[in-house]
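Down below is the structure, laid out as structure tokens.
The values are calculated or read from the model by the stated rules, or taken from the named source; none is laboratory data. Computed from a predicted model, the values in this text were never measured in an experiment. As a convention, Cβ positions derive from the backbone with ideal geometry for all residues, glycine included, and neighbour counts pool all protein chains shown. Heavy atoms of the whole protein, side chains included, go into the accessibility calculation; ligands, DNA and RNA do not. Shrake-Rupley method; radii C 1.70, N 1.55, O 1.52, S 1.80 Å.
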Amino acid sequence: MDKYLIRGGRPLQGQIEISGAKNAAVAIIPAVLMVDGVCRLENIPQISDVDMLLTILEELGARVRRVDATTVEIDCTHVHFADAPYELMRKIRASYYFIGSMLGRFGTAKTTMPGGCNFGVRPIDQHVKGMTAMGATVEIKDGFVYADTPDGRLRGAKVYLDKVSVGATMNIIIAASMARGRTIIENAAREPHIVDLANFLNSMGADVRGAGTDTVKIYGVDRLHGGTYTIIPDQIEAGTYMAACAAAGGELRLKNVIPRHLECISAKLREMGVTVVDGEDSVLVRSNGRLRRVNVKTQPYPGFPTDMQPQVSTALCLANGTSVITEGVYDNRYKYMKELRKMGANVVVDGCTAIIEGVDALRGARVAACDLRAGAAMVIAGLCAQGVTEIVDIHYIERGYEDFVGKLRGAGADITLVRDEQDAVAVAAAE
Ligand code: EPU
């Protein structure tokens, strides 16, 4: 099994370049299915979720050309409705965006129920509510989602989301872009990647207004044309390195960020005693000794992001007092706490609340990455711990962090990726 080995105790120094936003890219790539012409996407993060989505598009008949490491050209002009590669689809959460883009392009869709990190129940009822309001019949049977329209095209509708959902907001925006007439989403999510998706669609000829507010209006168009689009920097990747520097100590400059998107994270770190200085497209983070205890409640944007909860909770394991964390988005996002306890953390979890009593030190141990952000949290714990930390199940981390090891090593961390030779031999034999 591949693993990371970390020798803790080194502060982070220098600078790290932030990649394109995962949660924008994983919506934009499925949305490209609706584009008639060549779409050039820049600042694509090099992560396994992106690779899987590009493979799905290729298997649907798209021409995909890697121009360089972070630029890809996709031509979906000659794609026809076809069975999607279900084994890949069911592995990733973002495959649900194909419901919207297939409905938009073909008026019919068949996908698997989405996979993704396990934080308890993750229903897609709000996606279904939106598609149904736009005239689709949607059936979920035997792990598949079947959606169809009576005359091959969705029609605009008013959708009031019962829950602020990033995925449902983006999926409805995608589908409505090619619907007949106007769609209004009320109680929409407002994350930066929602604005990015809208900007992408608009640059291809769509008419999406109000993204970034809780009311989004989409005026359906007949055709989306090709073009070039640059994806925004990843808010959570940047936040992860900010939390890492806060916890491990040192001074780190994060380049290629939008400081305004990081404000919800910077504000909390400042409360913890960390210096955060915004530049034009960078932030400087300086850790000033022991962290102060704080309370954290996760909420949809512009609240504190749930995707930063494990990383900041891990930093708080070393703060000077008791912190209370309230998870306001998911039912079960604390599975990683049992791994932190192996490293000496003092944490009690009760439902959606975690009570963290700061300790003087963590110690290295063999721990697992329970999911993407929990895996990043284990890396942060390892950077701070005394001795060596071994992290297994790192494939979760590789889904969403581009070159995590390389970037941390560049900032002075003692972290090594150990590839399992047996795995490598098995892969070579299969090829
Ligand atoms: N929800 C419903 N019904 C729905 C959709 C969502 O009840 O139809 C609930 C969820 O169970 C959850 C809450 O609403 O309790 C919010 O879920 P949301 O739909 O916003 O999340 P998502 O679209 O499934 C995306 C990101 C997650 C991120 C959340 C919240 C992608 C592929 N995933 O998930 O990213 O945690 O938004 O910001 O964009 C990650 O990057 O590590 C990650 C898990």
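Results, tabulated for the structure shown:
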quantity	calculated
Criterion (in contact with a helix residue (DSSP H, G or I) (Cβ under 6 Å, 6 or more places away or on another chain) and not in a helix (DSSP H, G or I)) met by exactly one of Ile44, Ile56, Ile28	Ile44
Residues being surrounded by fewer than 23 Cβ atoms within 10 Å (Cβ to Cβ) and away from the ligand (no atom under 14 Å from the Cβ) - total across the range 112-135	2
Residues of the range 178-210 that turn out to be part of a strand (DSSP E or B) and open to solvent by 30 Å² or more (accessible area, probe 1.4 Å), as a count	5
Count of the range 157-177 residues which are out of contact with any strand residue (DSSP E or B) (no Cβ under 7 Å at 6 or more places or on another chain) and open to solvent by 10 Å² or more (accessible area, probe 1.4 Å)	5
Single unsatisfied condition, Pro259 versus (1) free of Cβ contacts under 8 Å to residues at least 40 places away in the same chain; (2) surrounded by 22 or more Cβ atoms within 10 Å (Cβ to Cβ)	(2)
Enumerated strands (runs of 3 or more DSSP E) restricted to the range 307-383, each holding at least 2 residues that are within 16 Å of the ligand (Cβ to nearest atom)	322-326
Tyr219 being open to solvent by 30 Å² or more (accessible area, probe 1.4 Å) and aromatic (Phe, Trp, Tyr)	yes
Yes/no for Leu252 being part of a strand (DSSP E or B) and either surrounded by fewer than 16 Cβ atoms within 10 Å (Cβ to Cβ) or in contact with a Leu (Cβ under 7 Å, 6 or more places away or on another chain) (or both)	yes
For Ile140: the one exception among (1) open to solvent by less than 70 Å² (accessible area, probe 1.4 Å); (2) in contact with a helix residue (DSSP H, G or I) (Cβ under 8 Å, 6 or more places away or on another chain); (3) of a type in the set (A, V, I, L, M, F, W, C)	(1)
